[in-house]
Every structure is written in C-alpha cells, then in structure tokens.
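The values are calculated or read from the model by the stated rules, or taken from the named source; none is laboratory data. Remember, predicted model here, so these are calculated numbers, not experimental data. Neighbour counts are summed over all protein chains in view; Cβ atoms, including those assigned to glycine, are modelled from backbone coordinates with ideal geometry.
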Amino acid sequence: MTLKVELKPGERIIIGESLITNDDQRTRLYIEGNAPILREKDILTVESADTPAKRIYLAVQLMYLSREIAKFQDDYFTLVQDIIQAAPSTIPFVTRISNHIIADQLYKALKEARALIEHEKLIFAALNPTAADADKS
C-alpha cells in the first residue's frame, strides 16, 4: 500500500532514520515500504516534552522510530505509573496505548498518546481555569 504525503514548503518529515526537509515549494511524495514515518506536526522533541502525557508520547515515539520497544519500555512504564497515580482518569488512555504497543501497533499507540495529551490539557484547565482563560486570549 502506498502512502501519499503532501509537504508544505520547508516542512520536515522523518522516514525511517532520515529527517527530510522540503524545499521552498509544495511537494507530494508517494512512499512504499515499512519504514516508520512521522510528519513534523507529529514529532515531539525532548525539549517540548514538558508534561507527563507528552513524555509518554515521546517514549512511544522513540519506540516507533527505533522499532526497539524493549529499549524504552522501563521508562515508559515508570511514566505510566506516575501519570496514573496523579490522574486516575488517564487509565483508559494508558490502557489503550499499552495494548497497541503489545500488539506492535506503534503508530496507533502514538495516536492514542496524542489523545492522552488532549485529556491532560482538560485536566490542567480544570485545575487552573484562570490559566486556561488566559491561553484563549
């Protein structure tokens, strides 16, 4: 199955172990194969992983890109235990992420980790409604 990806000018994408940066015009790529692929909007850096859910996303991202689950699994489970303890409402998200990892469906695990980040935003907004109002302006 071929994946069609359209890149904006200057947009970056990771394919396998390579970071590719688009030139100054819109580009369409047709990708065949089994390499992990992440668009720039889905890439999280160590510096931007500044919340518990984002650190979980980063751990799953590293598993996905490296295809080495075991290398990151201890860190992942430590992060999962911490977030569950702090916010039990995250258990369904973490369960789905873990089930996808076990099934070797790492891209689906990443999508679920993105949903966990959105859930975490709601938790933070409920804890500090004045900060959430300030973010909207």
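Summary table below
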read-out: Condition check for Pro36: more than 19 Å from Leu116 (Cα to Cα) and touching a residue at least 60 places away in the same chain (Cβ under 8 Å); value: yes
read-out: Cβ-Cβ under 6 Å pairs, at least 6 apart or on other chains, region 68-86 side within 11 Å of Ile101 (Cβ to Cβ), far side surrounded by 12 or more Cβ atoms within 10 Å (Cβ to Cβ) and modelled with pLDDT of 90 or more; value: Ile69/Met63; Phe72/Ala59; Phe72/Leu62; Phe72/Met63; Tyr76/Ala59; Val80/Val94
read-out: Leading residue by the ranking (modelled with the lowest pLDDT) among those in region 1-24 that are within 14 Å of Ile43 (Cβ to Cβ) and of a type in the set (D, E, K, R); value: Glu17
read-out: Of all residues making up region 17-58, the number that are surrounded by fewer than 13 Cβ atoms within 10 Å (Cβ to Cβ) and among the small types (Gly, Ala, Ser); value: 3
